[in-house]
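Here the structure is laid out as structure tokens; the discussion comes afterwards.
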Amino acid sequence: MRKSLILATVAITAAVFAGAAGAQDKAKAPRDGGRGLIGVERAKIVPMPPGFQVLASEIEGPVFADRNGMTLYKWQLKALRNGSAGERKNEPACYDVKTTETAGLMSPYPPGLVLPELDTRPACTDVWKPVYADANAQTVDKWTVLARKDGTKQWAYDGFALYTSVLDKVPGEVAAAPKKARGDSPSYREAVKPPSDVPPGFDVATTTKGRLLVTTSQQSVYMFDGDASQKTKCVGECTQTWKPILAPSVGQVTEGWTIVERSPGVNQWAFRGRPLYVNVLDREPRSQEGSDVPGWHNVYTQLAPPPPKDFTMQVSSSGEVLADATGKTIYRYACADDSVDQLNCDHPTETQVYRFGMCGAGDPERCLQTFPYVLAGKDAQSLSQSWTVVWIDPKTGRYAAPNAAGALKVWAYLQRPVYTYAGDKRPGDINADGFGEFRGLRNGFKAFWLRDDFYNGAG
């Protein structure tokens, strides 16, 4: 550990959409207790070169994958406080070079500080494997071939070079993309996805509850229990608050989507048999506030895998958070080092210096007291690709062999352990939300938001 940088601060089956067509959610989806309508999200059929496919991931919906089913990622350029990190279109920047110093991109850290654990620090391509192209590979629609500085060729989609992650172990896994790059956050890699199979005017957003159906302006879409598949009971005064999403008189209807005639000449979009609306009183994009009204619900193209059965939901001062069996808020840790290749440092296989510096001034025992792991029961087993049981050595923060001396059996989300906070005393307390740099966006802890009415933390 180098002192110069002890910083003072049920799985959804990975259904293969074979080739361009594939098997795409042919069955009608059942309803789900008022939380929306469940199913597997469909993707638009797009041209692909040989060797690529589309898989149904648990968290991100349909994703592009290589022939082995490994999710494809891009590293899109993002402006930071003191510069930019990521890749420009048509310019791969991830090579077999080990970064040794901070880049000074994310204040308060200046450039030139020695990065920790250089003896084991990987090069960018050790973590992010370039998707190499054959010498005779040809452009197909948005799929292009880029020339790398090392003389090899690499596939790109929409101009951005493509990579796979060493963290993904099984087809359709998205363990390398647990966070979104926004605000003061670092420049994270993102899963590359085909367009969702929704009509014009609609979009889909990833949230902790699932893939939320929204409009292209990010307004949440709602359904009403009182409606039937071909008839709506929200009329008159009801439409002053709940605005029907109108459909064209003649339009192409994809599977799962229908058009309902509200009145002669007035048509409304319906999804999986339910007419759709927006709530004019929603204050934030991707809002869940409309679901507080009895009979009204957000709509999901696909629900996220459920957390462990003994976890609870608690209401905090800002919304709903995931909590353990005793009601203590659950937290996730986020981190990326301040370097040119912007490697993550929030996973048990990566350096723990940043987390130990943040939660315990470099002392693992203090970290364990301040942010204890959420322990899994003796008989607990992994539930999905998203929620797994892992063994951790608390002295190192890294994976341990099962039942090893001193090892803890803990719950992990997207392979990363989750925590509670010693300073939370009552159910719903969120005293450690934003614990760290820039509200925890760069290096720190964030509450596991199920719904955040103020900061959009759940989406």
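If residue 194 satisfies all but one of (1) modelled with pLDDT of 95 or more; (2) crowded, with 21+ Cβ neighbours inside 10 Å; (3) not basic (Lys, Arg), what's the number of the condition it fails?
Of everything listed in (1) modelled with pLDDT of 95 or more; (2) crowded, with 21+ Cβ neighbours inside 10 Å; (3) not basic (Lys, Arg), residue 194 misses just condition (2).
For region 242-277, name all the residues that are among the hydroxyl-bearing types (Ser, Thr, Tyr) and either in contact with a His (Cβ under 7 Å, 6 or more places away or on another chain) or closer than 26 Å to residue 302 by Cα (or both). First the steps, then the outcome.
Filtering region 242-277 down to residues among the hydroxyl-bearing types (Ser, Thr, Tyr) leaves 249, 254, 258, 263, 277.
The answer is 254, 258, 277.
Go through 290, 295 for me and flag whichever is surrounded by fewer than 19 Cβ atoms within 10 Å (Cβ to Cβ), of a type outside the set (A, V, I, L, M, F, W, C) and in contact with a Phe, Trp or Tyr (Cβ under 9 Å, 6 or more places away or on another chain).
Just a single option satisfies the conditions, and that option is 295.
Restricting to region 79-100, name every residue that is charged (D, E, K, R) and crowded, with 17+ Cβ neighbours inside 10 Å.
87
Can you tell me which residues in region 255-281 are surrounded by fewer than 16 Cβ atoms within 10 Å (Cβ to Cβ) and in a loop (DSSP other than H, G, I, E, B)?
If we filter region 255-281 for residues that are surrounded by fewer than 16 Cβ atoms within 10 Å (Cβ to Cβ), which is where we start, we get 255, 261, 263-266, 280-281.
The answer is 255, 264, 265, 280, 281.
In region 125-135, is there at least one residue being loosely packed, with under 13 Cβ neighbours inside 10 Å, touching a Pro at 6+ places or on another chain (Cβ under 9 Å) and within 30 Å of residue 194 (Cβ to Cβ)?
no
Considering region 200-245 alone, what residues qualify as being under 30 Å from residue 448 (Cα atoms), part of a loop (DSSP other than H, G, I, E, B) and polar (S, T, N, Q)?
207, 208, 216, 217, 218, 219
Does residue 431 meet the test of being surrounded by fewer than 21 Cβ atoms within 10 Å (Cβ to Cβ), under 30 Å from residue 283 (Cβ atoms) and at pLDDT 95 or above?
The answer is yes for residue 431.
Report, ordered by the first and then the second residue, all pairs with beta carbons closer than 7 Å, sequence separation of six or more or different chains, a first member in region 155-183 that is assigned by TED's automatic domain parsing to the domain that holds residue 440, and a second member that is modelled with pLDDT of 95 or more and of a type in the set (Ser, Thr, Tyr).
none
The values are calculated or read from the model by the stated rules, or taken from the named source; none is laboratory data. All figures in this text were calculated on a predicted structure; none of them were measured in a lab. For neighbour counting, all protein chains shown are included, and Cβ atoms are generated from backbone atoms with ideal geometry for every residue, glycine included.
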